[in-house]
1. Restricting attention to the stretch 192-213, and to residues there that are hydrophobic (A, V, I, L, M, F, W, C) and part of a helix (DSSP H, G or I), which single residue is nearest to residue 135 (Cα to Cα)?
2. Could you check, for the stretch 18-36, whether at least one of its residues is of a type in the set (A, V, I, L, M) and under 28 Å from residue 206 (Cβ atoms)?
3. With respect to residue 240, is the statement that it is more than 26 Å from residue 94 (Cα to Cα), out of contact with any Phe, Trp or Tyr (no Cβ under 8 Å at 6 or more places or on another chain), in contact (Cβ under 8 Å) with a residue 12 or more places away in the chain and assigned to a loop (DSSP other than H, G, I, E, B) true?
4. Which residues, taken from the stretch 51-78, are small (Gly, Ala, Ser) and farther than 20 Å from residue 13 by Cα?
5. Please give the helices (runs of 4 or more DSSP H) falling wholly within the stretch 60-171 in which 1 or more residues are within 24 Å of residue 210 (Cα to Cα), in contact (Cβ under 8 Å) with a residue 40 or more places away in the chain and over 16 Å from the mean Cα position of the chain (by Cα).
6. Could you grab me the full set of residues in the stretch 172-191 that are in a loop (DSSP other than H, G, I, E, B), more than 23 Å from residue 217 (Cβ to Cβ) and free of Cβ contacts under 8 Å to residues at least 24 places away in the same chain?
7. Would you please name the residue that is surrounded by the fewest Cβ atoms within 10 Å (Cβ to Cβ), looking only at residues in the stretch 63-108 that are β-branched (Val, Ile, Thr) and at pLDDT 95 or above?
8. What do you reckon, is residue 214 under 21 Å from the mean Cα position of the chain (by Cα), surrounded by 16 or more Cβ atoms within 10 Å (Cβ to Cβ) and assigned by TED's automatic domain parsing to the domain that holds residue 270?
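The values are calculated or read from the model by the stated rules, or taken from the named source; none is laboratory data. Quantities reported herein were computed from a predicted structural model and do not represent experimental measurements. Using ideal geometry, Cβ is built from the backbone for each residue, glycine included, and neighbour counts are taken over all protein chains shown.
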Amino acid sequence: MNVEPWSDLHEGDPVPPVVTGVQYLLRGHGHPVAADGVFGPVTRAAVTAFQGAHGIPASGAVDLPTWLALVRTTRLGSSGEFVRAVQSFQLPRWVDDDPLPVDGMFGTTTEERVRWFQRSWGLSQDGAAGRETWSFLQALRPGVTVWPLVKPGSTQSTNRRVLAVQHLLRHHGASISADGSYGPLTGEAVRQWQLTQRATYIGTTVGQLDWPGLIVSCTRGDHGEHVKAVQSLLSGLVVDGHFGPATEAAVRALQDVFLPPSDGIVGADTWHALVVPLFD
């Protein structure tokens, strides 16, 4: 739950990219459904049949056990319906990217798009579309808030959120350096902080359950490590921990584009806008 944001998929859910991906997965398992992006009775029947064949309670909805049974890891050199399932998400890097051909051939272009997607969301950058990558592909739906991962081994050059996490941990009392390198000390600080928040999903990776508790609202006049965290995510700012006119202007500029009208206050929505891949 913390590091893999799986969501159930039901008949009638209006999320064509996710439904199309499921339909290609079903086709890969021998269920000849049309990959039309519509989760109707035919797709539900195919899901139910798949569940029955794999010893999964036949609900007709794609739940976690069904997802895990459906997904197959694909990588450079793979071919077939399971590759089409990944390609159907397109995985654009930029708004004007050429469409990714849904041709069932996992070539260098598909691998490049998968690696970009993995890097953007803080996933393991192996270029293969496996369980972790699929958990994020299927989670990106309207109305669903998905937070990126920050893992041990990351550096500021490979995951720009590392410094923000370190500053936020320091705000919450951790005695670590904000050096942009996610080493064992940062990982242990994350684990210790998680233990103060809950009894399950304890680890060294910052994920879905962690960001909402780590982030701290801030506004002009504030100072401290939480302000440094914000400043580290906005280009061109001095990371001095003082929320002054320059920081407010940078926050408002971001809000003007993505969260109008701007108020200069870094609340939950602005924090999410700061860390989502759109700004990588």
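1. That would be 211.
2. Yes, that holds for at least one residue.
3. So residue 240 passes the test.
4. Result: 52, 53, 55, 69, 77, 78.
5. Fully inside the stretch 60-171 and qualifying: 64-70, 162-171.
6. Once the filter is applied, which keeps residues that are in a loop (DSSP other than H, G, I, E, B), more than 23 Å from residue 217 (Cβ to Cβ) and free of Cβ contacts under 8 Å to residues at least 24 places away in the same chain, the stretch 172-191 yields 175, 177, 179.
7. 108
8. It is true that residue 214 is under 21 Å from the mean Cα position of the chain (by Cα), surrounded by 16 or more Cβ atoms within 10 Å (Cβ to Cβ) and assigned by TED's automatic domain parsing to the domain that holds residue 270.
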